[in-house]
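Here the structure comes first, spelled out in structure tokens, and everything after it is commentary.
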Amino acid sequence: MSQSDWRTYKPVLIPPVDNLHEIEVYRKQGGYEALKSVLTDKKRWADPKSVVDEVKAANIRGRGGAGFNAGLKWSFMPPADGGPRYLACNGDESEPGTFKDRKIFEYNPHLFIEGAVIAAYAMEITTIYVYIRGEYRPFIEMMRKAVQDAYKNGMLGKNILKSNFSVDMVVASGAGAYICGEETSMLESIEGKRGYPRVKPPFPAQKGLWGRPTTINNIETLSCVPLVIRNGADWFSSIGAKNHPGPLLYGISGHVNRPGVYELPSGVPVLELIEEVAGGMRNGKKLKAIIPGGSSTPILRADQLDGVTMDSDSLRTAGSMLGTSGMVVMDEDTDIVEVLWRISHFYHHESCGQCTPCRDGTGWLEKILLKIRNGDGETRDLDLLLDVTTQMEGRTICALADAAAWPVRYTITRFRDEFEARCKKSVHALV
Amino acid sequence: MTMSEVFIDGKRYEFEGQPQLLQFILDLGLEVPFFCYHPSMTAPANCRQCMVKVGSPVKDRETGEYELDDEGNRVIRWFPKLQTSCNTVIADGMVVQTQESDELVQRAQKDTLEFILANHPLDCPICDQAGECPLQIQTYKYGPEGSRFEVKKVHKPKHVQLGPRVTLDAERCINCTRCVRFTDEISKSHQLTIVERGDKNYPVTAPGRSFDDPYSLNTVDICPVGALTSTDFRFKARVWEMNQTPSIDITNGKGCNIDLWTRDNLVLRITPRFHPEVNDYWMPDAGREAYQLFNENRVSHPAQKLESEQVSASWNHALETLAEQLEQTDRKDVLFIGSPHASVEENFALMQLANLTGAKTPVFTPHVEEGSGDGFLLSDDQAPNAEGCRLLGLEEVSPKQMQTKVSEARLIVALNDNLFGRGVLDATHAKNAFWVVFASNHTETTQMADLLIPITTAAEHAASYVNVDSRIQRTFPAKETKYSNRRLSMEMSEGRLDRFGTSFDNWVTEDHKIDCVPFWDFATQAGERLGLNLHLIDGRQIMDQIATMNPAFEGVSYVTMDEQGGIVLAKESMAKSK
Ligand SMILES: Cc1cc2nc3c(=O)[nH]c(=O)nc-3n(C[C@H](O)[C@H](O)[C@H](O)COP(=O)(O)O)c2cc1C
Ligand code: SF4
Ligand code: SF4
Ligand code: FES
């Protein structure tokens, strides 16, 4: 299927099937067949490694934001030594503009569970943790119910589908901290500790949960796994954009007529997404800018969007990133200063506070932006903002500082006029 | 096989094993600024102050040889980001650039300091840490000239009483987590954690819990700013007004190495002094609270009992009385009592006096409270020198035996040990004898004295103590008595004001000088009145004597102790010395 064929695409992650969240319905749709094949079809799947290889070949790029090849990540797990090994599934979903994993919890939880169990088999995992953000109370309950049903149907627990393979799944929840979506911080949180990201190395594959080998994947990433097993790596990698293939959940929000989560192949042109999928701009307004993949990805002006498609290569060329493919659409009336201040407020609020540049930099950024927003800024403050971002980037334990710095850097450079218009002219520079 | 090599600022150094970069740099005597790192705890790499530029030489995949550029130099692949040196493991061939040779590193270190200072209250003029503050020092050295932070600072709780001994000013906290890690990794009380997020972070205890860790004050020492302060010491003195004198903790048998901080002949605080084999960087809170012992409740000027009341007596009278008593009393009725709370030198002087007067060897009763030790820096032994008494050859007796001996004696000469206070003796045992008590502080025992003679403490003399692990270590005089003079005594430390101040700047009052003498001084003078030549001048000279007379102390002198951080004495030689 090529990129322009998105119009004829049939959803596979969240297909329009009534009551698909019920395990019976899911099984009737061919659910858990991929797991069964992996566990019992020794001709097709000689050993766990053959599953890893297939997933690697499919090139499922991590849907949590960083876009790392899932199968490759799995292959970093050291050989099993008889001790516990963990899979931690990241459903923290807290980056503003991102609201896709909840659709899986709500409409197709068993697809995810099946994917996680296959991943567990492939990596010889003994326990799976599903970490869901605390604010997702209803979805946490839904997942708990789905997990119970999976246990009852022999898809989790001892001797799954009468094979030798056993694995447990535990649903854990956070208390509402964005930082607990950072993978090592999530591990700390699961261990019952404060959500401080860990210093790497050691990497989780070496020392993860309770010091044991652990792999972390996003919910959507794992939900792609049964599809790969069922239809093959070639099928998967032929969907959508070449270097970032597969079905993708686009969360579209902002000034469009039909905001929502849409499942389409990766690589849909941005403008088509807005116009055709999301029903065009609200009230016939003109498009001003988009933030393509969650609030940390650099903003793009409408005039930068010609021919840009939603995949990592195209967005990088355009000067941004795919991130979580949660796209925020802004119309001509949008106050860019207000937008940036609000984003900075978020990162200031969510910095865990371990690293000096992030702890004190995020607050500084927000406070200067607040000053500008309130009409008390000076043009020299804009240069100071850029300086502060330079002082934060690449100097911290996790990527939150970068995530806080990028929007400031790119919003100011791409909308400098609007910022200057809100500032008084500085008489002298700050040194 | 050649040694592994690392290049730091263009210079080649060799290394073995897998050292951490920052520690390696510090061990070389070089410097990289840091806050959160502490050599005895795990490195969280959270302050981001110790950043350096790190690269590794490129090797040819096939030959394994280093790739060379046109000029024959190794091709270096630099890490894309600056690295925190505290948690970087050195690898063979690694190339490092610190602030000494790289502008970006300088820049990054300055940037981090600018961030730290952004929300710091900058109240150095009223902060206890000023003068010994890593943040202050490193800001002067590596920080920005001024601040570009023109917006409102974060406000956090001030004066939080974390526990009985530690007060927190959360605004000064730079969130290095040293205090939290201390309670997790060193004292293992797990009493502290960080609460809140981002720039609102600060350390506290769990709700309703008190930071009553018996080692809590160590967090005050390692806090790199003035966030954690000693509730007792807060606002008492500026660091630069005090003199810092090395000493030994005499409140238990562990012999933690400490510093006494004095001003105007008062000990104002006690802090641990690093000793890798004794106490590392730590000490128990109990040992710090002992500073009061040196200042308060001191026996000053001799006293004699007249009709059940102690009245002041002259030094001459005190000497005369002791000499008379020793002369008059039958040798077999004289009991000399040594003390595990007194130094080796004092107990030795007591032995000499006993020997020369023909009395029996002094006895002593160890001061042990079973179960009060914790396997860390608190020992069951409550006294600093029981082992020293044993090695000297004093007779170790049980409380029961001590009671019998005391009941039978007619003259008792007792060295600094509160035998009545700690339950070895009670009034019924004391009736028969004339009590000569040498003591530094008023206690239940000094009340029993017929003749009470004030002697110096570990803060006033140089003397040695043998700890529970048989290590002999010594103190230095830190405060003057009525009869000593700091400026003449080469042993006493100098403070900033001694060096740079005027004579009016400090140490001006006589009030805090105690009217007391070292025990050996008094013993020598008392001996003279009896025609005996003890010839005990000071700790140093006494230790030289001990070393020649007692094989257990062979090779021990103040010089060797100072050079080696104390000396572990062989226990076996005990038998030989007897
Ligand atoms: C500050 C921060 C927040 C993050 N939040 C999330 C999140 O909410 N959900 C998520 O899946 N990944 C999040 N990530 C990315 C994870 O660290 C990790 O890369 C991802 O879960 C790996 O899964 P994937 O390879 O399947 O994408 C976050 C990363 C950072 C630095
Ligand atoms: S970068 Fe920010 S959020 Fe990440 S560990 Fe450091 S302080 Fe915490
Ligand atoms: S109180 Fe001091 S030691 Fe504790 S985290 Fe703050 S700065 Fe570090
Ligand atoms: S000392 Fe290295 S980051 Fe703090």
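Some points to look at:
- Across segment A:336-421, the volume of the C-alpha convex hull divided among the residues equals 71 Å³ per residue.
- Across A:K100/A:K288; A:K367/B:K53; A:K10/A:K42; B:K158/B:K513; A:K286/A:K424; B:K59/B:K141, pairs whose alpha-carbon gap is larger than 26 Å: A:K367/B:K53; A:K10/A:K42; B:K158/B:K513; A:K286/A:K424; B:K59/B:K141
- Considering only beta bridges that DSSP places wholly inside chain B, some 70 percent are antiparallel.
- Largest first, the three principal axis extents of the alpha carbons in chain A are 77, 47, 34 Å in whole numbers.
- Set against the 2.2 N^0.38 Å expectation for a compact globular protein, segment A:243-331 has a Cα radius of gyration ratio of 0.94.
- Over the protein assembly as shown, the alpha carbon radius of gyration divided by the compact-protein estimate 2.2 N^0.38 Å works out to 1.22.
- Highest to lowest packing among B:207-217, A:212-222, scored as the average C-beta count within 10 Å: A:212-222, B:207-217
- Taking all protein chains into account, the per residue accessible area for segment B:56-165 stands at 57 Å² (1.4 Å probe).
- For chain B, the Kirkwood estimate of hydrodynamic radius, built from reciprocal distances between every pair of different alpha carbons, is 26.9 Å.
- Length-normalised contact order of segment A:336-421 in % [C-alpha pairs under 8 Å, at least 6 apart]: 37
- Excluding ligands, DNA and RNA, the accessible surface per residue across chain A is 38 Å² with a 1.4 Å probe.
- With Rh defined as the Kirkwood radius, the inverse of the mean 1/r over Cα pairs, the Rg/Rh of segment B:214-270 is 0.96.
- Pairing chain A with chain B buries about 2900 Å² of accessible area. This figure sums both sides and uses a 1.4 Å probe.
- Here chain A carries DSSP beta bridges of which approximately 40% are antiparallel, counting only pairs with both residues inside.
- Separation of segment B:527-574 and segment A:1-68, taken as the distance between their Cα centroids, equals 83 angstrom.
- q = 0.08, 0.10, 0.12 Å⁻¹, segment A:3-237: log10 I(q)/I(0) [Debye, one scatterer per Cα]: -0.26, -0.41, -0.61
- Based on Cα atoms of segment B:118-230, Rg over Rh with Rh as the Kirkwood radius reads 0.97.
- Computed [θ] at 222 nm, deg cm²/dmol, chain B (DSSP H ≥ 4; -39,500 (n - 2.57); rounded to nearest 500): -6500 deg cm²/dmol
- With all protein chains in place and ligands, DNA and RNA left out, the 1.4 Å accessible area ranks B:S493, A:S295 as B:S493, A:S295, largest first.
- In straight-distance terms, cross-link reach from B:K188 covers every one of the lysines whose alpha-carbon lies under 18 Å from its own, apart from those fewer than eight places away in the same chain; here that gives A:K193.
- A dipole drawn for chain A from +1 and -1 charges on Cβ atoms has a positive end, and of A:F203, A:N164, A:G260 the residue lying farthest that way is A:N164.
- Charged-residue dipole, Cβ positions (Lys, Arg, Asp, Glu), the protein assembly as shown about Cα centre, Debye nearest 20: 2960
- Antiparallel %, DSSP beta bridges [both residues in the protein assembly as shown], to 5: 60
- For segment B:287-384, the Kirkwood hydrodynamic radius comes to 16.5 Å, computed from all pairs of different C-alpha atoms.
- Helical content of chain A, expressed as a calculated mean residue ellipticity at 222 nm, amounts to -11500 deg cm²/dmol (DSSP H runs of 4 or more residues, -39,500 (n - 2.57) each, divided by residue number, nearest 500).
- Pair-distance profile P(r), taking every C-alpha pair of segment B:103-160, with 10 angstrom steps and integer %: 21, 48, 28, 3, 0
- Translational diffusion coefficient of segment B:429-475 (Stokes-Einstein, Kirkwood radius from Cα pairs, 25 °C, 0.890 mPa s): 193 µm²/s.
- Working note: Cα gyration tensor of segment B:468-530, eigenvalues times five, square-rooted, sorted largest first, giving semi-axes of 28, 19, 10 Å.
- Mean projection area, nm², convex hull over Cα of segment A:14-79: 6.1
- Rg/Rh (Cα only; Kirkwood hydrodynamic radius) as it applies to segment B:4-115: 0.99
- For B:K236, a cut-off of 14 angstrom between C-alpha atoms picks up these aspartates and glutamates, skipping any fewer than 8 places away in its own chain: B:D128, B:D264.
- Solvent-accessible area of the protein assembly as shown (1.4 angstrom probe, protein heavy atoms only): carbon and sulfur portion equals 51 percent.
The values are calculated or read from the model by the stated rules, or taken from the named source; none is laboratory data. Small disclaimer: the values here were computed from a predicted structure and weren't measured. Please note: Cβ atoms are built from the backbone with ideal geometry, for glycine as well, and neighbour counts cover all protein chains shown. Ligands, DNA and RNA are excluded from the accessible area calculation, which covers all protein heavy atoms including side chains. Shrake-Rupley method; radii C 1.70, N 1.55, O 1.52, S 1.80 Å.
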